[in-house]
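Here the structure is laid out as structure tokens; the discussion comes afterwards.
The values are calculated or read from the model by the stated rules, or taken from the named source; none is laboratory data. Just so we're clear, the structure is a prediction, and the values are computed from it rather than from any experiment. Positions of Cβ are backbone-derived with ideal geometry, glycine not excepted, and every protein chain shown enters the neighbour counts. Remember, those area values only see protein heavy atoms, side chains included, never the ligands or the DNA or RNA. Shrake-Rupley method; radii C 1.70, N 1.55, O 1.52, S 1.80 Å.
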Amino acid sequence: MQFSPELMQGVSLWPATLISSVVLLLALWQAPWRAILSVPARQHALWGSLVALCLLWSFQFEVIPGLYFHPFLMTTVTLIFGWCFAVILGALALGLLVLVGTAEWQALPWSWFFSALLPASMAYGLLLVIERLPTRNLFVYILGLGFFGTLLTTFLNCLLLLGLFWVLLPDKALLALWDKQAFVVPLLYSEGFMNGMLVTSVTVFFPDLVKTFDDDRFLKSDL
């Protein structure tokens, strides 16, 4: 999700910039760098994910003038690398898109909020909920998080976007977005399908690369 400066005209950028800076510094500080640097395969997966995000986020469709949507894939990135690297990769991807002219830096904090921070945080929160459940069924992880979890987090992200328009933007922008509400249906389906497929594939074939996957619980349990 990317915003144009024209759409966010009149909305102060400083609060979003301050919050983004603090969260990114926290993520950089807390990120498990040793776990990445000690395994070359994880490094390759990390850089490959960055390239994939840049490519996918460059494919945008305009919902209303100044508001662009693209595939998020934050559920997959969060489950594989954890919350810290997910928000870092999101910031790097948007920074690279600014350099090539696909995104605009004037609205970068807001774009990062809705493209990376909110989806990654909600996916990680849902993971914490799943981990507290007594079930040891593998499909709870790959489908409950990968597919249905993505449907839920994407829908909540759209609701938060609507709240942003309601609180900070003029009524005409809110009405324009509400008139285009049907776009949520294909967005939910595409996000759920892509993340569900990727989470399932990576978890089944490369479980050691998935930071949040507990193979002792889901694959080696006698229950």
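Report, as a whole number in µm² per second, the diffusion coefficient that Stokes-Einstein gives for region 29-149 at 10 °C and 1.306 mPa s using the Kirkwood radius over alpha carbon pairs.
103
Shown for the chain: the carbon plus sulfur share of the solvent-accessible area, taken with all protein chains present and a 1.4 angstrom probe, equals 71%. Taking all Cα-Cα distances within the chain, those exceeding 27 Å account for 33%.
For region 91-218, the Cβ-based charge dipole about the Cα centre amounts to some 140 debye (Lys, Arg positive; Asp, Glu negative; other atoms uncharged). For the Cα atoms of the chain, what angle does the longest principal axis make with the long axis of helix 148-168, in degrees from 0 to 90, nearest 10? Compared with the principal axis, the helix lies near 20 degrees.
Over region 128-172, the Kirkwood radius and the radius of gyration, each from Cα atoms, give a ratio Rg/Rh of 1.25.
The value for region 66-122 of Rg(Cα) / (2.2 N^0.38 Å) is 1.06.
Counting only helical runs of four or more DSSP H residues, what would the 222 nm mean residue ellipticity of the chain come to if each run contributes -39,500 (n - 2.57) and the total is spread over all its residues? Present the calculation step by step, with values, prior to reporting the outcome.
Details: 12 runs with 147 residues, N = 223.
So the helix-based figure for the chain works out to -20500 deg cm²/dmol.
Ignoring ligands, DNA and RNA, what accessible area per residue does region 128-175 give at 1.4 Å, in Å²? List each step's numbers first, then the result.
Working: 2850 Å² over 48 residues.
Averaged over the residues of region 128-175, the accessible area is 59 Å².
Only Cα pairs under 8 Å and 6+ residues apart enter the sum, and on that basis the relative contact order of the chain stands at 27 percent. Dipole magnitude for the chain: computed about the Cα centre from +1 point charges on Lys and Arg Cβ and -1 point charges on Asp and Glu Cβ, it is near 320 debye.
The modelled label-to-label distance for the pair SER201/GLN30, using points 7 Å beyond Cα in the direction of Cβ, is 3.0 nm. Heavy-atom accessible area with a 1.4 Å probe sorts HIS70, HIS44, largest first, into HIS44, HIS70. The modelled label-to-label distance for the pair TRP166/SER38, using points 7 Å beyond Cα in the direction of Cβ, is 4.7 nm. Positive-end ranking of LEU174, PHE206, VAL23 along the dipole of the chain, with charges on Cβ about the Cα centre, is headed by PHE206. Among PRO119, PRO186, PRO207, the residue with the largest mean-square fluctuation in a Gaussian network model of the chain, with springs joining Cα atoms closer than 10 Å, is PRO186. Comparing GLY196, SER4, CYS54 along the charge dipole axis of the chain, the residue lying farthest to the positive side is GLY196, per the Cβ-charge model.
Take the Cβ atoms of GLN181 and LEU56, set R0 to 35 Å, and the FRET efficiency comes out at 0.90.
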